[in-house]
């Protein structure tokens with residue numbers, strides 16, 4: 001039976017990109033030509049435009065849902081109370097999204113990608129409906145977890161589908177589109193959430209809005225998206241299901257979840273030296289070790305069915321691309337979260353105004369993603385984009401660190417434009433390059449790895465930055481305001497409590513704001529280290545053209 005599963009596995013891995021192998025003339029990728037595409041046999045031009053637009057809309061929705069609660073937290077606390085559970089809102093979403101990304105990739109390798117995407121969208125809708133109608137904080141948190149799982153499945157499925165329906169030289173352009181809509185969704189999330197919060201409709205319509213978008217895209221996926229026909233279609237459902245690395249999935253999710261919880265809750269809900277935090281760190285470390293052994297051996301799975309696609313991770317260039325993607329996405333998200341925090345907490349601006357202050361970064365970032373996606377297709381050489389992008393990101397990080405508490409808006413905007421161009425030049429280019437350096441039958445695995453790194457590193461980087469910021473800011477402000485309870489200080493920092501500075505005398509008020517500003521600068525230190533690592537590793541990438549890799 002295992003031999004049959006193994007034979008099925010080897011055939012099945014070829015099917016996701018089999019369209020790329022059938023009738024593909026060798027000279028189609030020469031000189032950057034993309035006249036041929038794998039979708040031409042199954043979709044008309046109009047059908048592809050409608051399908052691609054819906055895929056990108058769903059991708060934008062996943063990004064929108066990541067940031068939509070940024071301006072809703074005070075309103076949600078006013079509705080439900082239970083402020084102690086506030087950190088769980090973002091943590092459970094990150095756990096649902098990050099903990100299941102590899103599992104979604106394996107499901108896509110075993111089953112029809114159309115059905116997997118539809119199932120993921122259904123989960124996303126269920127979670128959004130629960131968020132919208134939640135009667136309590138616990139129900140809302142459960143809804144965010146379900147939404148995170150559905151968002152992860154949607155994101156990984158869409159990346160795999162676009163990778164399968166585009167030729168190697170088209171991928172850069174389409175991954176640029178993904179970056180553009182992701183950035184657009186990130187911009188619109190806080191704006192939509194904040195707008196609903198202050199209108200008569202109420203904050204719950206922020207999540208009913210998700211259901212409307214699901215309703216728009218679901219029929220397109222149901223009726224236009226082609227089903228993926230497998231080579232081994234007679235193989236029974238049970239044989240396919242046996243390919244799922246259940247043990248690996250559980251170990252990966254457990255190790256990741258306990259690690260994220262330890263970083264997110266340490267110093268916020270629990271002291272760092274409490275048994276809860278120490279236990280979470282120990283649990284995460286032990287589970288990572290067991291997961292590594294289980295994948296390397298392998299245990300209770302077959303070599304070709306491991307949840308982690310180790311067969312594409314033997315290349316040192318693949319590891320560099322993974323780190324580059326993680327670094328760029330991490331810097332992108334830290335900037336998105338901490339620039340508004342600086343303008344709101346330190347400069348006293350409103351949430352809407354702080355969102356406007358972020359526009360120079362987001363506009364230049366998504367524009368650079370679009371431009372670099374097109375140019376990497378026509379110019380071909382990809383090493384330059386990683387060097388240039390990480391250099392500009394490093395410049396922004398250093399400049400932000402040297403800024404003063406009262407630096408002008410124009411000065412901050414100039415720094416953000418530098419970093420927006422920098423991160424945008426290479427944040428999404430790892431995807432097409434990863435797909436190009438692996439064999440055609442492993443393109444789906446490469447797309448899954450890229451999607452997982454993309455989904456995990458943003459949340460993980462912000463989690464580390466938040467932990468450092470909250471702990472340092474709380475300790476520093478408490479020294480200045482010893483009579484103020486620690487929980488009150490943390491609530492004010494999170495934006496859900498009363499302002500700490502309204503009734504303070506001017507010298508003390510200035511000292512409190514300076515303490516918060518110094519804590520924010522730690523996020524820029526983290527970005528400096530990240531950008532420096534990215535820049536050094538960029539020089540070790542090979543100076544090759546995507547078209548040459550495609551022919552190889």
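The values are calculated or read from the model by the stated rules, or taken from the named source; none is laboratory data. As the structure is a prediction and not an experimental result, all values here were calculated from the model. Cβ placement follows ideal geometry from the backbone for every residue including glycine, while neighbour counts extend to all protein chains displayed.
When restricted to residues that are touching a helix residue (DSSP H, G or I) at 6+ places or on another chain (Cβ under 9 Å) and at pLDDT 75 or above, the stretch 31-71 contains 21. Only one of the listed residues (186, 147, 166) is crowded, with 21+ Cβ neighbours inside 10 Å and modelled with pLDDT of 85 or more. That residue is 147. Counting only residues that are more than 20 Å from the chain's Cα centre (by Cα) and surrounded by 20 or more Cβ atoms within 10 Å (Cβ to Cβ), the stretch 525-534 holds 0 of them. Of all residues in the stretch 199-223, those being surrounded by fewer than 17 Cβ atoms within 10 Å (Cβ to Cβ), at pLDDT below 90 and under 28 Å from the mean Cα position of the chain (by Cα) number 1. Among the listed residues 415, 426, which satisfies the condition of being without any contact (Cβ under 8 Å) to a residue 24 or more places away in the chain and touching a helix residue (DSSP H, G or I) at 6+ places or on another chain (Cβ under 6 Å)? Going through 415, 426 in turn, the sole match is 415.
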